[in-house]
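Enquirer: I'd like to ask some things about the structure below.
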Amino acid sequence: MSADIIPLYRAAAEARVTIDSLDLGENGLLRLSSMGLFPGARVRVIDNSRPDTSIVECRGTRLALGRGLAHRIFVR
Amino acid sequence: MTQNRKIHAVLAGNPNCGKSTLFNALTGARQTIGNFPGVTVDLYEGTASCGGATIHLVDLPGIYSLLTYTDEERVAAEYLNTHRPDVIVNVVDASNLERNLYLTLMLRDKGIPMIVVLNMIDIARQRGSEIDTDALARELGTEVITTIGNRGIGLDGLLERIVRRAEQPSQPSAADTAAEGGQPKPVVIHDSGHEALPVSSQDHAEGCRHCGDCCGRCSNTMVRDLERDVARYQQIGAIEQRCVTNRYSARTSHSDRFDKFLLHRYLGIPIFLLAMFVVFQATFLLGEYPMTWIESFFSWLTDSIQSSYPNESFLKSLILNGIIGGVGGVLVFLPNILILFFFLCVLEDSGYMARAAVLSDRWMHKIGLHGRSIVPLLVGFGCTVPAMMSARMITDRRERLTTLFVLPLFSCSARFPIYMLVIPAFFPQVYRGPILWLIYLIGIIMAVVISKGVSMVFKKEEEEPFMIELVPYHRPTLRTVGIRTLERGWQYVKKAGTIILGISIILWFLTYFPGLTPEQKEQFEAQRAALRASIPSDQESELAEKLAEIDSAEEQAHLSRSCAAALGHAMEPVLRPMGFDWKIGTALIGAIAAKEVFVAQMGIVYSVGDAEGEGREALTSTLRGTYTPLIGFCIILFCLIASPCMATFVMMARESGSWKWALAQWGTLTFLAWVVTTLVYQLGK
């Protein structure tokens, strides 16, 4: 609970994090939630070294998230 | 009981769950593509028979949910609602159960009899997860079977089960009843209220969190949808706990190792460009052989007609120049198109295309496009028309319009015949591949420049989240790739057979009429008669040669008195700066309608389609003798950039929602082509 809340793109590779909140419009939120990305979801960071994309694993699915998105997903 | 029964079944599932492979295996070649009215998502339909029953099988587009967020989802949802199939066959990627079951739960809520097919069960086992199918069947209240689609394992019983399931009256399952009419239980969420969903820092959502009933501005439905999603995933978690053992094995799969290179920060893009280069080279080299065979067939056909009906007539000219010249000239390039599509399909099926989108997102972003634009742009290498259709998956209007605008610059397969005619005519073998590559590259660079410009015209709306699934790499099956390649080829042929044929005939008409006056014809006849009288009959070869010269002169004279020539001449002041003459101009008029007509038209303009029977050879050598390599390059450059074909023009108007856009695109690109080609010609001269 006391863990820092950071944007997803700043999480370290191989870190297992939990989504805290999402700063997105309605469409974006619903789209992500249909993929299981909503507050409380566990996410494994695969690769954050690219400047433009975060690659994460959530619910057994490998996802590439654009930089805009990785800035708006907050994790702890 | 099953005698002559007609069963309507649909295949539904996530993208990349192996649905198409399954569909192809079940229906074989008995497929048709139907377009859903209003949108341009393809619906594949096929039939299979089993025990006297005919199963009409529809392959819905791959979707993650029925939320109607994308066109694919809307088509699938609407199809299920309006057609109410007898059975839903839900194909589930067994190696990725959690995400796939989300759709399963949504589909189950439709209340249509369902069979869950756990596909790719072998991969799931490799990853160390065992699925208790009986327990899963109980949990879901549906039949569950396992298959390995790409090896055809487990498919035998599927058709029978579809028939059997269709005959059973739909009965609410234990799970359905427990979940209150098929809806997942939202108990947990209601307990904790909105607090469980600190969904957004946007103020309307803040409002939601604090007021008891909703603020009204934010959508109550949105919160409800989100709650439902959370509940579904909780339900899936519970199902998995009961049915799957060893469900998490941290995997550094071979996909990760590939991605280390293919998605590399610096190597990724060069690898992508190299892959494209190899594809185009291979297309060129492998396509050479079947092209020769088709050419020989058409020259044999022309020769046969020529020798059977030696008298010149209107009808003969129409058949030889208009029909055979038009269709034959287009069909000759079918091998190249098939090879190109084959490679593109392989790249798509292997999972590499998703990586290409990721790689390109950064660059696409820079030029005002979306990473997802790469897919339409790559389809654009095949044909701009389906590419424009596939641009619909870019939900942001500004990005979609920009993508649509630059799409014609991604050299489509219809321009390929032009390159294949012009490049070998002017450049030696070693330069052909590189020149082809260069012309594609020029198109891409132009697209970048234009989209930058177009994106500045529009104001940026809310940014579209870029999210793409990176499916594990896998070897594409020959069957799936083969069927899709043939189908693309068939689409090309259909286009060649209808629109192109029509245009070819119109253009032939333009070149044939009004033609020579009777007096002029008589003059040529008199020359022939004089020749026959002057040369003794034993010197046949000399006679034939001289006669051919007269024929050729007559054709030239005929053409110079045609409508096309008049148009070509009228355009000459504009064409001159680019190094073009009126003959090229006449062929370019054809290219306005459809790019590939350029080749047929050049054949007619130079009247090489008939006499020698080796039309293409003759045309190539005529071009070589008439123009310089610089002009050759200018021809392909102009054809690359200028005037998208009629079909593209119509499609642009449809997809952008306005004829103004279509006109603006046509005008801008044509003007730009003129400027660039003129520059190249004047500088190169």
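The values are calculated or read from the model by the stated rules, or taken from the named source; none is laboratory data. Keep in mind the model is a prediction, meaning the values are calculated, not measured. Cβ coordinates were reconstructed from backbone atoms using ideal geometry, including for glycine residues, and neighbour counts include every protein chain displayed.
Enquirer: Can you confirm whether residue B:444 is hydrophobic (A, V, I, L, M, F, W, C), at pLDDT 75 or above and farther than 21 Å from residue B:376 by Cα?
Expert: Spelling it out, it is not the case that residue B:444 is hydrophobic (A, V, I, L, M, F, W, C), at pLDDT 75 or above and farther than 21 Å from residue B:376 by Cα.
Enquirer: Output the number of residues of the range B:143-169 satisfying the condition of being touching a Ser or Thr at 6+ places or on another chain (Cβ under 7 Å), under 13 Å from residue B:18 (Cα atoms) and part of a helix (DSSP H, G or I).
Expert: The total comes to 2.
Enquirer: I've got another one for you. Do you know which residues across the range B:399-430 are within 19 Å of residue B:289 (Cα to Cα) and either assigned to a helix (DSSP H, G or I) or touching a strand residue (DSSP E or B) at 6+ places or on another chain (Cβ under 9 Å) (or both)?
Expert: Hits for the range B:399-430 are B:416, B:417, B:418, B:419, B:420, B:421, B:422, B:423, B:424, B:425, B:429, B:430.
Enquirer: Something else: Take residues that are among the aromatic types (Phe, Trp, Tyr) and tell me which of the helices (runs of 4 or more DSSP H) falling wholly in the range B:298-385 contain 1 or more.
Expert: B:314-317, B:334-350, B:352-366
Enquirer: May I ask you to verify whether residue B:632 is touching an Asp or Glu at 6+ places or on another chain (Cβ under 7 Å), at pLDDT 85 or above and assigned to a helix (DSSP H, G or I)?
Expert: Considered against the rule, which asks whether it is touching an Asp or Glu at 6+ places or on another chain (Cβ under 7 Å), at pLDDT 85 or above and assigned to a helix (DSSP H, G or I), residue B:632 comes out as no.
So that you can scan it fast, the table gives a plain yes or no per residue for (1) modelled with pLDDT under 80; (2) touching a strand residue (DSSP E or B) at 6+ places or on another chain (Cβ under 7 Å); (3) surrounded by fewer than 12 Cβ atoms within 10 Å (Cβ to Cβ):
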position: B:520; (1), (2), (3): no, no, no
position: B:526; (1), (2), (3): no, no, yes
position: B:529; (1), (2), (3): no, no, yes
position: B:533; (1), (2), (3): no, no, yes
position: B:539; (1), (2), (3): yes, no, yes
position: B:546; (1), (2), (3): yes, no, no
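Enquirer: Right, next: Just checking, how many residues over the range B:59-79 are more than 14 Å from every other protein chain (Cβ to nearest Cβ) and surrounded by fewer than 19 Cβ atoms within 10 Å (Cβ to Cβ)?
Expert: Number of matching residues: 1.
Enquirer: Starting from the range B:255-271, keep only residues that are crowded, with 16+ Cβ neighbours inside 10 Å, then list their pairs with residues that are among the acidic types (Asp, Glu) and modelled with pLDDT of 85 or more whose Cβ atoms are within a distance under 8 Å, requiring at least 6 positions of separation or different chains.
Expert: B:259/A:47; B:263/A:47
Enquirer: Let me ask something additional. For residue B:97, are the conditions met, namely being touching a helix residue (DSSP H, G or I) at 6+ places or on another chain (Cβ under 9 Å), at pLDDT 90 or above and assigned by TED's automatic domain parsing to the domain that holds residue B:52?
Expert: no
Enquirer: Within the range A:54-76, take every residue that is buried (at least 24 other Cβ atoms within 10 Å of the Cβ) and in contact with a helix residue (DSSP H, G or I) (Cβ under 6 Å, 6 or more places away or on another chain) and give me the one that is nearest to the other protein chains (Cβ to nearest Cβ).
Expert: A:66
Residue-wise test of (1) within 14 Å of chain A (Cβ to nearest Cβ); (2) within 30 Å of residue A:71 (Cα to Cα); (3) at pLDDT 90 or above.
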residue	(1), (2), (3)
B:117	no, no, yes
B:122	no, no, no
B:125	no, no, no
B:129	yes, no, no
B:137	no, no, yes
B:142	no, no, yes
B:165	no, no, no
B:187	no, no, no
B:192	yes, yes, no
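Enquirer: Would you be able to say whether some residue in the range B:288-295 is more than 30 Å from residue B:466 (Cα to Cα), in the same structural domain as residue B:438 (by TED's automatic domain parsing) and of a type in the set (Asp, Glu)?
Expert: Yes; the residues of the range B:288-295 include at least one that is more than 30 Å from residue B:466 (Cα to Cα), in the same structural domain as residue B:438 (by TED's automatic domain parsing) and of a type in the set (Asp, Glu).
Enquirer: Continuing with this model, one more query. Could you check residue B:354 against (1) at pLDDT 80 or above; (2) more than 19 Å from the chain's Cα centre (by Cα); (3) small (Gly, Ala, Ser) and say which number it fails?
Expert: (2)
Enquirer: Against the definition (buried (at least 19 other Cβ atoms within 10 Å of the Cβ), touching a strand residue (DSSP E or B) at 6+ places or on another chain (Cβ under 9 Å) and assigned to a helix (DSSP H, G or I)), how does residue B:136 come out, yes or no?
Expert: So residue B:136 passes the test.
Enquirer: From the list B:376, B:408, exactly one residue is surrounded by 19 or more Cβ atoms within 10 Å (Cβ to Cβ), under 20 Å from the mean Cα position of the chain (by Cα) and at pLDDT below 85. Which is it?
Expert: Answer to the selection: B:376.
Enquirer: Does residue B:66 count as over 20 Å from the mean Cα position of the chain (by Cα), at pLDDT 80 or above, hydrophobic (A, V, I, L, M, F, W, C) and part of a helix (DSSP H, G or I)?
Expert: No; evaluated as a whole, the condition is false for this residue.
Enquirer: Please go through (1) crowded, with 22+ Cβ neighbours inside 10 Å; (2) touching a strand residue (DSSP E or B) at 6+ places or on another chain (Cβ under 8 Å); (3) of a type in the set (D, E, K, R) for residue A:20 and return the number of the only condition it doesn't satisfy.
Expert: The failed condition is (1).
Enquirer: Which count do you get for residues in the range B:635-665 that are under 21 Å from the mean Cα position of the chain (by Cα) and either assigned to a helix (DSSP H, G or I) or hydroxyl-bearing (Ser, Thr, Tyr) (or both)?
Expert: The number of residues fulfilling the criteria is 17.
Enquirer: Also, I was wondering about something else. Looking at the range B:639-656, is at least one residue surrounded by fewer than 17 Cβ atoms within 10 Å (Cβ to Cβ), at pLDDT 85 or above and either in contact with a helix residue (DSSP H, G or I) (Cβ under 9 Å, 6 or more places away or on another chain) or not assigned by TED's automatic domain parsing to the domain that holds residue B:454 (or both)?
Expert: Checked against the condition, which is being surrounded by fewer than 17 Cβ atoms within 10 Å (Cβ to Cβ), at pLDDT 85 or above and either in contact with a helix residue (DSSP H, G or I) (Cβ under 9 Å, 6 or more places away or on another chain) or not assigned by TED's automatic domain parsing to the domain that holds residue B:454 (or both), the range B:639-656 yields no hits at all.
Enquirer: Filter the range B:465-486 down to the residues that are assigned to a loop (DSSP other than H, G, I, E, B) and either in contact with a Phe, Trp or Tyr (Cβ under 6 Å, 6 or more places away or on another chain) or not aliphatic (A, V, I, L, M) (or both), then identify the one that is farthest from the other protein chains (Cβ to nearest Cβ).
Expert: The qualifying residue farthest from the other protein chains (Cβ to nearest Cβ) is B:477.
Enquirer: Taking only pairs six or more apart or across chains, which ones have beta-carbon atoms under 6 Å, a first residue in the range A:24-48 that is without any contact (Cβ under 8 Å) to a residue 12 or more places away in the chain and facing chain B (nearest Cβ under 7 Å), and a second residue that is acidic (Asp, Glu) and assigned to a loop (DSSP other than H, G, I, E, B)?
Expert: A:25/B:462
Enquirer: Six or more apart or on different chains, Cβ under 7 Å: which pairs go from a residue in the range B:80-104 that's within 14 Å of chain A (Cβ to nearest Cβ) to one that's among the basic types (Lys, Arg) and surrounded by fewer than 24 Cβ atoms within 10 Å (Cβ to Cβ)? Could you list them?
Expert: B:95/B:127; B:98/A:59; B:99/A:59
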